[in-house]
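Asks: I am attaching a structure below and will ask some questions about it afterwards.
The values are calculated or read from the model by the stated rules, or taken from the named source; none is laboratory data. Predicted model only: the values in this text are computed from it and were never measured. Here the Cβ is made from the backbone with ideal geometry for all residues, glycine too, and neighbour counts use every protein chain on show. Heads up: the accessible areas ignore ligands, DNA and RNA and are worked out on the full protein's heavy atoms, side chains in. Shrake-Rupley method; radii C 1.70, N 1.55, O 1.52, S 1.80 Å.
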Amino acid sequence: MCSYIVEKAAMHGSAKGPSGWMRIDTANVYYDHPFHAPLDHALGIDFICEADGGRERVAVEISRESALELIEKIKAALATGDAAHDKAVACERISVTASQGDVANLF
Amino acid sequence: MSYPSIIGETVSFQGHNGDKGEAYYARPNKPGRVGGVVLIHHAPGWDEWIIETTRKLAHHGYATISPHLYFRDGPGSPDDVGARVRAAGGVADNQVVGDVSGAIAFLKSQPNANGKIGVIGFCSGGRHTYLASCLLADGINAAVDCWGGNVIVDDPKQLTPKRPVAPIDLTGKMTAPLLGLFGNDDENPNRDQVNRTEAKLKELGKTYQFHRYDGAGHAFFNYARGPAYRAEAAADGWAKVFAFYNKHLA
């Protein structure tokens, strides 16, 4: 906590904070001495909503190794999710086409 | 034997620009005049370890005040307020110096003050201690810099509107004796920066003593941060702090 170096990422989504769910628009990312994690240095992320004043945050402090693992798993989850989503969309299109055909046949 | 009684409480103090904020004030509960100490908290904020350390100094005989340097960014828990301050790029040097000046005035106004003032700071507070001992030289009798980083600024990009001057460039203004405690494994300040700071103090004929600890990094006094704490170095460091204050604040 000696550097004040913070990387800011624009976000669109929600996080569950001390008062329940809230929208977030920013992630403050830093690598410094943690407040709570039993580590000399930690990767910290504070999810906040600057548009709402940024008074509440959802915070994590994780080890460097954990951060790198998380990056990989986020990428993997997105890739798997995209593939599954594309497959689902394709199936949905087939189903819709078939349904439309079935309906057309009724007339 | 009996242990000395102390009184500890949260008080209001007047800081920079006359702003009123919170401070923790702990002092010995005994007759007679005592020296005062301003304890400048570390970058994470005005947390439990800082309050306990304020009481430790009182236990050793000093009326000690720890101003909440982030009070303008509250309310909230120390870690949440600290996160806000970090995201905003930290607190401005002139504001900190104004707050420290207000804390000194608070101590000097106490009826049992002996008029001597020490300052001690940890982490960013160590840097603030160095800064205050240069810019408030008339009001400080002994300064303790515990691993203050960025006293030397090697990258000019690190100079910002909030921190426009490298404290090392103000060293000529320092009049109080300075005690510096550093871990040899610290990255900020690193060994080279500590050596260069010492060289500047020596060149300008300042009264100082630096102590370096092998096997210790940043924040080695802080038992609340397990990986950083070094019991042996901390015990030796505290002994040096109290010997220094007993000499200069009595």
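Asks: Do you know which residues across segment B:155-189 are assigned to a loop (DSSP other than H, G, I, E, B) and aliphatic (A, V, I, L, M)?
Replies: Kept after step one, since they are assigned to a loop (DSSP other than H, G, I, E, B), are these residues of segment B:155-189: B:155, B:159-166, B:174-177, B:184-189.
Selection gives B:Leu159, B:Val165, B:Ala166, B:Met174, B:Ala176.
Asks: What number of residues within segment B:80-101 satisfy the criterion of being more than 17 Å from B:Pro167 (Cβ to Cβ) and buried (at least 19 other Cβ atoms within 10 Å of the Cβ)?
Replies: Residues of segment B:80-101 more than 17 Å from B:Pro167 (Cβ to Cβ): B:80-89.
In the following step, the residues that additionally are buried (at least 19 other Cβ atoms within 10 Å of the Cβ) were identified as B:80-87.
Residues that pass the stated criteria total 8.
Asks: Anything in segment A:35-53 that is within 12 Å of chain B (Cβ to nearest Cβ) and over 16 Å from A:Glu7 (Cβ atoms)? List them, or say none. Please lay out each step first, then the result.
Replies: Initially, segment A:35-53 is screened for residues within 12 Å of chain B (Cβ to nearest Cβ), giving A:35-42, A:44-48, A:50, A:53.
Listed by number, the residues that qualify are A:Phe35, A:His36, A:Ala37, A:Pro38, A:Leu39, A:Asp40, A:Gly53.
This table checks each residue for (1) within 13 Å of chain A (Cβ to nearest Cβ); (2) at pLDDT 95 or above; (3) open to solvent by 10 Å² or more (accessible area, probe 1.4 Å); (4) more than 20 Å from B:Gln209 (Cα to Cα).
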residue	(1), (2), (3), (4)
B:Leu131	no, yes, no, no
B:Cys134	no, yes, no, no
B:Ala137	no, no, yes, no
B:Val144	no, yes, no, no
B:Gly148	yes, yes, no, no
B:Asp154	no, no, yes, yes
B:Met174	no, yes, no, no
B:Leu178	no, yes, no, no
B:Asn184	no, yes, yes, no
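Asks: Is it the case that B:Lys30 is basic (Lys, Arg) and exposed (fewer than 14 other Cβ atoms within 10 Å of the Cβ)? Even if it seems obvious, please write down each step before you answer.
Replies: Working: basic (Lys, Arg): yes; exposed (fewer than 14 other Cβ atoms within 10 Å of the Cβ): yes.
In short, yes.
Asks: Another question, then. Considering only residues of segment B:112-129 that are of a type outside the set (Val, Ile, Thr) and away from chain A (no Cβ under 14 Å), which is surrounded by the fewest Cβ atoms within 10 Å (Cβ to Cβ)? Working first, answer last.
Replies: Just the residues of segment B:112-129 that are of a type outside the set (Val, Ile, Thr), to begin with: B:112-116, B:118, B:121-128.
Subsequent filtering for residues that are away from chain A (no Cβ under 14 Å) retains B:112-116, B:118.
Values: B:Asn112: 13, B:Ala113: 17, B:Asn114: 15, B:Gly115: 11, B:Lys116: 20, B:Gly118: 28.
Within segment B:112-129, the match that is surrounded by the fewest Cβ atoms within 10 Å (Cβ to Cβ) is B:Gly115.
Asks: Of the numbered conditions (1) surrounded by fewer than 17 Cβ atoms within 10 Å (Cβ to Cβ); (2) within 16 Å of A:Glu7 (Cβ to Cβ); (3) within 14 Å of chain B (Cβ to nearest Cβ), A:Ser63 satisfies every one except a single condition; which is it?
Replies: Just one mismatch for A:Ser63, condition (2).
Asks: Return the residues of segment A:1-31 that are in a loop (DSSP other than H, G, I, E, B) and either at pLDDT 95 or above or more than 8 Å from chain B (Cβ to nearest Cβ) (or both); say none if nothing qualifies.
Replies: Keep residues of segment A:1-31 that are in a loop (DSSP other than H, G, I, E, B), which gives A:1-6, A:18-19.
Within segment A:1-31, A:Ile5, A:Pro18, A:Ser19 qualify.
Asks: What residue, of B:Val11, B:Val85, B:Val37, B:Val81, is closer than 23 Å to B:Ala235 by Cα and aliphatic (A, V, I, L, M)? Full working, then the answer.
Replies: Working: B:Val11 fails: closer than 23 Å to B:Ala235 by Cα; B:Val85 fails: closer than 23 Å to B:Ala235 by Cα; B:Val81 fails: closer than 23 Å to B:Ala235 by Cα.
Criteria check complete, one pass: B:Val37.
Asks: Please identify the pairs in which a residue from segment B:52-68 that is on the phi > 0 side of the Ramachandran plot has its Cβ atom under 8 Å from the Cβ atom of a residue that is among the β-branched types (Val, Ile, Thr), counting only partners at least 6 apart or on another chain.
Replies: B:Gly61/B:Val34
Asks: Looking at (1) among the small types (Gly, Ala, Ser); (2) over 17 Å from the mean Cα position of the chain (by Cα); (3) surrounded by 16 or more Cβ atoms within 10 Å (Cβ to Cβ), which is the only condition B:Ala250 fails?
Replies: (3)
Asks: Restricting attention to segment B:201-234, report how many residues are closer than 27 Å to B:Ile104 by Cα and open to solvent by 30 Å² or more (accessible area, probe 1.4 Å).
Replies: 7
Asks: Shifting gears a bit: Just need a number here: residues in segment B:57-80 that are in contact with a Phe, Trp or Tyr (Cβ under 8 Å, 6 or more places away or on another chain) and facing chain A (nearest Cβ under 10 Å).
Replies: Qualifying residue count, segment B:57-80: 2.
Asks: Here is a follow-up. Any chance you could count how many residues in segment A:9-55 are touching a residue at least 24 places away in the same chain (Cβ under 8 Å), open to solvent by 40 Å² or more (accessible area, probe 1.4 Å) and small (Gly, Ala, Ser)?
Replies: 2
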